[in-house]
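This report concerns only the one structure given below.
The values are calculated or read from the model by the stated rules, or taken from the named source; none is laboratory data. Being a predicted model, the structure only gives us computed values, none of them experimental. Cβ coordinates were reconstructed from backbone atoms using ideal geometry, including for glycine residues, and neighbour counts include every protein chain displayed. The protein model used for the area step is the full one, side chains on, heavy atoms only, and it has no ligands, DNA or RNA in it. Shrake-Rupley method; radii C 1.70, N 1.55, O 1.52, S 1.80 Å.
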Amino acid sequence: MSRWGLTVPLTGLPLAEHREIIAGLPALGYTDAWSAETNGTDAFTPLALTSQWAPELRLGPAIVPVYTRGPALLAQQAATLADLAPGRFVLGIGTSSDTIVERWNGIPFEEPYKRTRDTLRFLRKALAGEKVKEEYDTFTVKGFKLERAPGTPPPIVLAALRPGMLRLAAREADGAITNWLAPKDVPTVRSELGEDPELIARLFVCPTADADEARAIGRWMIAAYMTVPVYRAFHEWLGRGEALRPMNEAWAAGDRKKALELIPDQVVDDLIVHGSPAACRARIREYVDNGLTTPVLAIVPGGGLSTADAVRELAPNA
C-alpha cells in the first residue's frame, strides 16, 4: 500500500505533546499527516509543527474552509506550509458546513459550489506567483501577488461529497477528499471522480473489540454529522436516506436520545471502523481495494488503548 495517513492532532492529546508520536510515524509506515478545522486547532499550525518533527511525511489540511479566510490570506498560509515542506504539502479546501461558516463565524453560506470553484482558480494563479486582478462570481481580487511564491506550487484537492463537486475536482483540481463512507461507497464516489485522480478519505477508527462500546461512540458521532444538511444530502445520494430518516426526524423534533437509538447498527458498522486493531487494519485495506488512494485514520479512543498505543497498533507496519 502506497499511502497511510493519520489525522493530527490526536484526540485528547495537547498539541505540544505530539512531538514524540509524530516523529515516530514514518518508521511505523505512516506516509501522511492531515489536519482538520472544526472547533479545535486551526488547520495549519499542527502541520507547521509536523513539518519539522517528521520531515518525511506528506502534509495536508482536510480541509480549510473557503469562506473563513479571505482568498489572499488563504494563499499566504498555503505558501508558508509549502515553504516549510517543499514538495510535501497538499492544500485541501472545501465549503465546510453552514454550521461552521454561518452559525459560528457569521459568514453567509452562499453559493458553495461557485465559492469553491472561484477559490480554486484564484489559488492556482496566486500559488504560481502570478499577480491576480480578477472579478470572480463570489469575490473580487484587486492586484494580489505573493511576496514569496512556493518554488513547488502545492497540489490542490477539493472536499467533495456529491457529484457536482466531485466532477469539479476531476476537471480542475488534483484530487478529492471525502469522509463518512463505507468501503462499498468508494466505487460510487469513483464513478463521478474518475479512476485517475487521488481520492483521500478520513476514516473514523475505534480500535475496540467491544462492538457495543464502538457503536455507542459511533452513534453520537453519526448524529452530530448526519443531521448537518451537507452530510444528510451526501448519505441520501449514497442510499442511506431511508435508514437515517427516523434519526433525522427525531433530531428535528428535539429528541436527541431517541435519535441516537434510531440509528441502525448496520449504519454504524458501515461508517465506523471498529474491532481489534488487526480487524481495523483489514477493514481499512478494504477501502483501498475498492478504489481509495489515501486512507486517513482519525483515531477514536476505545478499547482501553492509550493514544500512542493506538497509533502503533493501527500502523500499516504493525
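Things worth noting here:
- Taking the criterion of being closer than 14 Å to residue 44 by Cα and of a type in the set (A, V, I, L, M, F, W, C), the residues of region 87-106 that qualify are 89, 90, 91, 93.
- Qualifying residue in region 291-307 (condition: in a helix (DSSP H, G or I), more than 19 Å from residue 221 (Cβ to Cβ) and open to solvent by 10 Å² or more (accessible area, probe 1.4 Å)): no
- Residue selected from region 123-163 under the condition assigned to a helix (DSSP H, G or I) and either open to solvent by less than 80 Å² (accessible area, probe 1.4 Å) or not basic (Lys, Arg) (or both), by the criterion nearest to residue 80 (Cα to Cα): 127
- Residue match in region 57-70 (condition: more than 24 Å from residue 199 (Cβ to Cβ) and touching a strand residue (DSSP E or B) at 6+ places or on another chain (Cβ under 7 Å)): no
- Within region 14-118, strands (runs of 3 or more DSSP E) holding 2 or more residues that are in contact (Cβ under 8 Å) with a residue 60 or more places away in the chain and of a type in the set (A, V, I, L, M, F, W, C): 91-94
- Subset of region 169-191 that is in a helix (DSSP H, G or I), among the hydrophobic types (A, V, I, L, M, F, W, C) and open to solvent by less than 10 Å² (accessible area, probe 1.4 Å) - its residue that is farthest from residue 236 (Cα to Cα): 169
- Of the helices (runs of 4 or more DSSP H) entirely within region 205-287, those holding at least 3 residues that are in contact (Cβ under 8 Å) with a residue 12 or more places away in the chain and buried (at least 18 other Cβ atoms within 10 Å of the Cβ) occupy 211-226, 229-238, 241-252, 265-271.
- Within region 148-161, residues that are touching a residue at least 24 places away in the same chain (Cβ under 8 Å) sit with their Cβ atoms under 7 Å from residues that are open to solvent by less than 30 Å² (accessible area, probe 1.4 Å) and aromatic (Phe, Trp, Tyr), at 6+ positions apart or across chains, in these pairs: 154/89; 161/234.
- Condition met for residue 166 (part of a helix (DSSP H, G or I), touching a Leu at 6+ places or on another chain (Cβ under 7 Å) and either among the aromatic types (Phe, Trp, Tyr) or open to solvent by less than 30 Å² (accessible area, probe 1.4 Å) (or both)): yes
- Here residue 86 fulfils each of the conditions (1) farther than 29 Å from residue 142 by Cβ; (2) modelled with pLDDT under 95; (3) surrounded by fewer than 19 Cβ atoms within 10 Å (Cβ to Cβ) apart from (2).
- Within region 182-203, the set of residues being among the hydroxyl-bearing types (Ser, Thr, Tyr) and free of Cβ contacts under 8 Å to residues at least 12 places away in the same chain comprises just one member, 191.
- Test: residue 68 is open to solvent by 30 Å² or more (accessible area, probe 1.4 Å), closer than 27 Å to residue 162 by Cβ and over 15 Å from the mean Cα position of the chain (by Cα): yes
- Residue 94 being open to solvent by 20 Å² or more (accessible area, probe 1.4 Å), modelled with pLDDT of 95 or more and either over 24 Å from residue 294 (Cβ atoms) or among the small types (Gly, Ala, Ser) (or both): no
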